[in-house]
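Here is the structure we will look at.
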Amino acid sequence: MAEEKPRQFVGSTEFKKGLEGAITNESSISYVDGANGKLIYRGYSIDDLCQGGGGYEETAYLLIDGELPKRAQLEAFKKDLAGRRAIPQPVKDLITQIAPNTHPMNTLRTAVSMLGCLNPKEFEVTVENDLDIAMSLTAQIPTIVGATQRVRRGESIIDPDPSRSLSEDFMHMMTGKDPDPRTAEVMDMALIIHAEHGMNASTFSAMVTNSSLTDLYSSICAGIGSLKGPLHGGANEATLKTFTEIGDPATTEEWFSAAKAKKQKVMGFGHRVYRAYDPRAVIFDPVAKEFAERAGTGHLYEIAKKLEALVVADLGGKGIFPNVDFFSGVIYNAMGIDTDMFTPIFAVARIAGWSARILEYLPDNRLFRPRAVYVGDLEAQYVPIDER
Ligand code: CMC
């Protein structure tokens with residue numbers, strides 16, 4: 001057997017920490033144009049999808065199926081999803097027991113895992129069965145998140161109502177109220193722009209997990225676990241905490257100087273791919289202003305704009321600009337949603353992207369199995385325990 005020279009092994013590409021620039025597979029689901037700050041789903045810009053009026057369900061259909069639906073196809077898809085929204089009683093009981101003391105992303109991860117345990121076809125790994133599970137999870141994750149918000153506030157769980165759209169029903173299951181038309185429109189938009197985003201950490205985690213041909217529930221749990229982290233989806237929660245900590249627009253500069261002195265990253269800024277403004281932040285900025293003014297939380301938006309000016313003046317030259325998580329929290333907060341429910345909203349949307357990517361990769365699946373550059377010892381002498 002030929003001996004490998006371990007320290008020289010780097011595969012055929014240049015080694016960069018965090019897999020920067022590494023290519024994992026071919027995909028036609030979405031394109032993140034980092035230089036120009038554009039996000040394209042299956043050829044369509046997110047701006048057009050937000051303005052098109054087809055709602056989150058149209059985007060989910062597009063991502064999973066590959067084409068924009070005709071009216072009858074969209075209606076059938078919506079009906080199918082609406083009919084799958086209910087969650088089994090054991091999952092409701094689970095949420096009731098763990099939700100008050102647990103981060104809602106962990107509640108979500110556990111509830112999705114339990115849905116798998118309750119599905120007799122959990123282990124049937126075929127495109128057809130995974131599509132069936134993906135449809136159910138796309139419908140049920142909003143119900144789980146809605147129920148979690150209610151239980152954490154000491155309120156009773158509200159069952160889904162299939163006559164509402166997914167985003168309207170989601171808002172209703174969280175708040176117990178029908179959202180006004182503008183709030184419903186903005187929640188739909190939020191779900192559309194969070195639905196998919198290339199080979200991000202949670203999508204990659206879900207795909208790596210699924211590539212061993214495990215069940216889809218396990219893969220989605222991996223995605224949820226990754227999304228929760230503050231460098232990824234958890235940044236929306238962290239960003240609102242920053243604004244709250246700053247408290248007063250007048251103290252923003254002082255706060256930023258102290259953060260810089262501590263070499264602390266400012267949450268809601270920067271991205272591995274974008275070197276320009278994140279197009280999702282561009283969409284959210286005026287909406288954050290509108291909603292903050294409406295809710296009487298204009299100081300949070302003012303703090304955001306002051307912080308944006310300071311960070312961009314300081315780090316814009318390095319390609320550091322606001323990302324999607326910078327303004328979203330101001331909007332959700334103005335909608336009356338608790339801060340630690342922000343990342344679960346991201347998951348309500350991203351299930352479509354996770355599912356689409358997994359379903360695209362599955363028919364020609366190959367196990368993800370990269371290597372690390374070994375920098376450890378090769379000839380250490382074993383010393384018996386009593387002689388060490
Ligand atoms: N604040 C201050 N400096 C930053 C920031 C930031 N938010 N982001 C990056 N930098 C600096 C960083 O200190 C480093 O500087 P230097 O070269 O002098 O050491 C340089 O920019 C490169 O940073 P990095 O962390 O190596 O970049 P990355 O590509 O590994 O990380 C990131 C991307 C998103 C993890 C990072 O920008 C970050 O931690 N941002 C804050 C968390 C955040 O907002 N995450 C949400 C991302 S968008 C939503 C999503 O898709 O999840």
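The values are calculated or read from the model by the stated rules, or taken from the named source; none is laboratory data. On a predicted model such as this, the values are computed, not experimentally measured, just so you know. For neighbour counting, all protein chains shown are included, and Cβ atoms are generated from backbone atoms with ideal geometry for every residue, glycine included.
Values computed for the structure shown
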| read-out | value |
| --- | --- |
| Ala352 being at pLDDT below 95, within 16 Å of the ligand (Cβ to nearest atom) and over 16 Å from Phe243 (Cβ atoms) | no |
| Selection count, the stretch 305-345, where residues are within 11 Å of the ligand (Cβ to nearest atom), surrounded by fewer than 24 Cβ atoms within 10 Å (Cβ to Cβ) and charged (D, E, K, R) | 2 |
| Test: residue in the stretch 78-85 that is in a loop (DSSP other than H, G, I, E, B) and at pLDDT 95 or above | yes |
| Filtered residues of the stretch 150-164 (kept if closer than 17 Å to Gln89 by Cα and either touching a residue at least 24 places away in the same chain (Cβ under 8 Å) or not in a loop (DSSP other than H, G, I, E, B) (or both)) | Arg150, Val151, Ile157, Asp159, Pro160 |
| Contacts under 7 angstrom Cβ, first residue in the stretch 243-269 being in the same structural domain as His299 (by TED's automatic domain parsing), partner surrounded by fewer than 14 Cβ atoms within 10 Å (Cβ to Cβ), 6 or more apart | none |
| Any chance Leu68 is touching a residue at least 12 places away in the same chain (Cβ under 8 Å), part of a loop (DSSP other than H, G, I, E, B) and not hydroxyl-bearing (Ser, Thr, Tyr) | yes |
| Residue tally, condition crowded, with 19+ Cβ neighbours inside 10 Å, free of Cβ contacts under 8 Å to residues at least 40 places away in the same chain and over 20 Å from Asp278 (Cβ atoms), over the stretch 181-224 | 4 |
| Wholly enclosed helices (runs of 4 or more DSSP H) of the stretch 174-233 bearing at least 1 residues over 25 Å from Gln51 (Cα atoms), within 16 Å of the ligand (Cβ to nearest atom) and outside the structural domain of Phe326 (by TED's automatic domain parsing) | 201-210, 216-227 |
| Identity of the residue in the stretch 252-274, exposed (fewer than 14 other Cβ atoms within 10 Å of the Cβ) and more than 9 Å from the ligand (Cβ to nearest atom), that ends up nearest to His299 (Cα to Cα) | Glu254 |
| Qualifying residue in the stretch 194-205 (condition: farther than 11 Å from Trp354 by Cα, touching a Phe, Trp or Tyr at 6+ places or on another chain (Cβ under 9 Å) and among the aliphatic types (A, V, I, L, M)) | no |
| Test result for Glu302, under 23 Å from Ser226 (Cα atoms), touching a residue at least 24 places away in the same chain (Cβ under 8 Å) and more than 15 Å from the ligand (Cβ to nearest atom) | no |
| Verdict on Ser156 being out of contact with any helix residue (DSSP H, G or I) (no Cβ under 6 Å at 6 or more places or on another chain) and surrounded by fewer than 18 Cβ atoms within 10 Å (Cβ to Cβ) | yes |
| Lone qualifier among Leu231, Leu227, Leu166 - being among the hydrophobic types (A, V, I, L, M, F, W, C) and surrounded by fewer than 17 Cβ atoms within 10 Å (Cβ to Cβ) | Leu231 |
| Any chance Leu108 is assigned by TED's automatic domain parsing to the domain that holds Asn210, at pLDDT 95 or above and out of contact with any helix residue (DSSP H, G or I) (no Cβ under 6 Å at 6 or more places or on another chain) | no |
| Subset of the stretch 354-378 (residues that are over 11 Å from Leu213 (Cα atoms) and among the charged types (D, E, K, R)) | Arg357, Glu360, Asp364, Arg369, Arg371, Asp377 |
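To keep it simple, each residue is scored yes or no on (1) in a helix (DSSP H, G or I); (2) within 28 Å of Met187 (Cβ to Cβ).
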| site | (1), (2) |
| --- | --- |
| Glu254 | yes, no |
| Lys260 | yes, no |
| Val266 | no, yes |
| His271 | no, yes |
| Asp340 | yes, yes |
